[in-house]
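The values are calculated or read from the model by the stated rules, or taken from the named source; none is laboratory data. Keep in mind it's a predicted model, so treat the numbers as computed, not measured. Glycine also receives a Cβ, built like all others from the backbone with ideal geometry; neighbour counts cover every protein chain displayed. Keep in mind that these areas ignore ligands, DNA and RNA; they rest on the heavy atoms of the full protein, side chains included. Shrake-Rupley method; radii C 1.70, N 1.55, O 1.52, S 1.80 Å.
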Amino acid sequence: MKKKWLHAAWCTSLLAAITMPTLWAANLYNLPHGVTPVSHAIYGLSMMAFWIMCGIAVVVFGAITWSIIFHRRSRHPKPADFHENTVLEIVWTVIPFLILIAMAIPAARVLIRAENVHHSELTVEVTGYQWLWRYTYPRWKINIYSRLADSSLRIAPLHSGRSPYSTPHYLHAVTHPLVLPVGEKVRLLITSKDVIHSWWVPDLGVQMDANPGLVNSIWVKILKPGTYRGQCNQICGWGHAYMPIVVVAKPKAQFLSWVKHWRKRHPQALSPATTPDP
Ligand SMILES: [Cu+2]
């Protein structure tokens, strides 16, 4: 009896030793849960695929382990010598097919939902340039040029002699962030004035190509105030690493007061958008 308990304790410790680092790594490297309904849906899809893969792994590796143990050489197993098995072949074709269908239906639903920009409450135009982003709020005629922050720019040259660790958010800080209201469906119209860029903010569940001559639309509804960082996700030239994205989400009242202050401080920005200096 004592031996049995000892055995159980060993098995539990071994399981914990395997599980704990796995959970820690999962927290570190898993997809971010994000702060928008779409990012939550994408996270749900990712976890669904993950658990299906875990189930498949248990079945496949279980069968392999079982075969290794119970059909080992020392047991002198007699191999089955059948050839072709219609039932078996139908089963291993139909099961993966059903699994794929079960994954494709919710994935298609999320895709359709992510692209449905109807009933948006605010529109912001996002334009990529080599190497900065311009954010335009047509409702208030606000133009924001969002460049890499000076704190990063000073360090970026190869022989600057400064450590990237000496500044917070190195290469992820900008001169002016994109400010959005919390809880509102915001339509983003994304395009480019030169080469292909990509507007990517993982916490918002958004990655959309910015193509010259084409406008792509996507929407975000940020559920939590905060600062969310991303970057251009399409290699667009030597300055590709120098066009980060920072989104600041504020509650509606604070957002409107930001709009008021911005317009007061930047009356020149009320004119139509012009191409920024390189
Ligand atoms: Cu780019």
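Key figures for this structure:
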quantity: In the range 188-213, residue nearest to the chain's Cα centre (by Cα) [restricted to those that are within 14 Å of the ligand (Cβ to nearest atom) and among the charged types (D, E, K, R)]; calculated: 209
quantity: Breaking point among (1) in a helix (DSSP H, G or I); (2) closer than 30 Å to residue 55 by Cα; (3) not small (Gly, Ala, Ser), for residue 84; calculated: (1)
quantity: Sole exception among (1) modelled with pLDDT of 95 or more; (2) within 22 Å of the chain's Cα centre (by Cα) for residue 169, by number; calculated: (1)
quantity: Among (1) more than 30 Å from residue 43 (Cα to Cα); (2) open to solvent by 60 Å² or more (accessible area, probe 1.4 Å); (3) not hydroxyl-bearing (Ser, Thr, Tyr), the one test that residue 143 misses; calculated: (2)
quantity: Condition check for residue 191: more than 19 Å from residue 250 (Cβ to Cβ) and in contact with a Lys or Arg (Cβ under 7 Å, 6 or more places away or on another chain); calculated: no
quantity: Residue tally, condition touching a residue at least 12 places away in the same chain (Cβ under 8 Å) and within 16 Å of the ligand (Cβ to nearest atom), over the range 214-259; calculated: 18
quantity: Every residue from the range 1-11 that is in a helix (DSSP H, G or I) and either assigned by TED's automatic domain parsing to the domain that holds residue 103 or open to solvent by 90 Å² or more (accessible area, probe 1.4 Å) (or both); calculated: 2, 3, 4, 5, 6, 7, 10
quantity: Qualifying positions in the range 146-170 - open to solvent by 60 Å² or more (accessible area, probe 1.4 Å) and closer than 14 Å to residue 241 by Cβ; calculated: 147, 153, 157, 158, 169
quantity: Which listed residue is assigned to a helix (DSSP H, G or I), within 23 Å of residue 223 (Cβ to Cβ) and not assigned by TED's automatic domain parsing to the domain that holds residue 249, from 25, 16, 41; calculated: 41
quantity: Residue match in the range 122-135 (condition: at pLDDT 95 or above, hydroxyl-bearing (Ser, Thr, Tyr), more than 16 Å from the ligand (Cβ to nearest atom) and open to solvent by less than 50 Å² (accessible area, probe 1.4 Å)); calculated: yes
quantity: Residue among 19, 12 that is out of contact with any Pro (no Cβ under 9 Å at 6 or more places or on another chain), within 28 Å of residue 103 (Cα to Cα) and not aromatic (Phe, Trp, Tyr); calculated: 19
quantity: 2 or more residues open to solvent by 20 Å² or more (accessible area, probe 1.4 Å): qualifying strands (runs of 3 or more DSSP E) within the range 197-252; calculated: 206-210, 216-220, 226-232, 244-250
quantity: Residue pairs meeting the criteria (Cβ under 9 Å; at least 6 apart or on separate chains; first in the same structural domain as residue 180 (by TED's automatic domain parsing), in the range 198-211; second among the acidic types (Asp, Glu)); calculated: 198/209; 199/209
quantity: Residue within the range 173-193 that is touching an Asp or Glu at 6+ places or on another chain (Cβ under 6 Å), among the basic types (Lys, Arg), at pLDDT 95 or above and assigned to a loop (DSSP other than H, G, I, E, B) present; calculated: yes
quantity: Residues of the range 171-187 classified as open to solvent by less than 40 Å² (accessible area, probe 1.4 Å) and either without any contact (Cβ under 8 Å) to a residue 24 or more places away in the chain or within 16 Å of the ligand (Cβ to nearest atom) (or both), total; calculated: 3
